[in-house]
1. Could you tell me whether E58 is touching a Pro at 6+ places or on another chain (Cβ under 7 Å) and not hydroxyl-bearing (S, T, Y)?
2. Please go through region 39-92 and pick out each residue that is among the polar types (S, T, N, Q) and either within 15 Å of R27 (Cβ to Cβ) or in a helix (DSSP H, G or I) (or both).
3. Which residues, taken from region 10-38, are open to solvent by 20 Å² or more (accessible area, probe 1.4 Å) and either farther than 21 Å from G73 by Cα or assigned to a loop (DSSP other than H, G, I, E, B) (or both)?
Amino acid sequence: IYTMEEPLDLIRLSIDERVYVKCRNDRELRGKLHAYDQHLNMVLGDVEETVTTHEIDEETDEEIVKKATRSVGMLFVRGDVVVLVSPPLRTG
């Protein structure tokens, strides 16, 4: 049984696991957590990055939502852009 005494314990227990990281500016990352520090700077591996953009069609005034996805082998994420970190789902 894992004990959590402070918030970063949740991140510590997710080392070498795939995590979901929501960042500012509609950026989402899914990847394997290799390292982190107290500022929530992280190194993720085997990353799938999704960036969502919103545009307004000038003719119809409709909102156009576009998602762009790319794969990155290794990524350094600066802690001040992190909004949320979700650990892997654990069943059982």
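The values are calculated or read from the model by the stated rules, or taken from the named source; none is laboratory data. The model shown is predicted, which means the values in this text are computed figures rather than measured ones. Here the Cβ is made from the backbone with ideal geometry for all residues, glycine too, and neighbour counts use every protein chain on show. Side chains included, ligands, DNA and RNA excluded: accessible areas come from the protein's heavy atoms. Shrake-Rupley method; radii C 1.70, N 1.55, O 1.52, S 1.80 Å.
1. For E58, the condition - touching a Pro at 6+ places or on another chain (Cβ under 7 Å) and not hydroxyl-bearing (S, T, Y) - is not met.
2. T50, T52, T53, T69, S71, S86
3. Answer for region 10-38, where residues must be open to solvent by 20 Å² or more (accessible area, probe 1.4 Å) and either farther than 21 Å from G73 by Cα or assigned to a loop (DSSP other than H, G, I, E, B) (or both): L10, R12, L13, I15, D16, E17, R24, N25, D26, D37, Q38.
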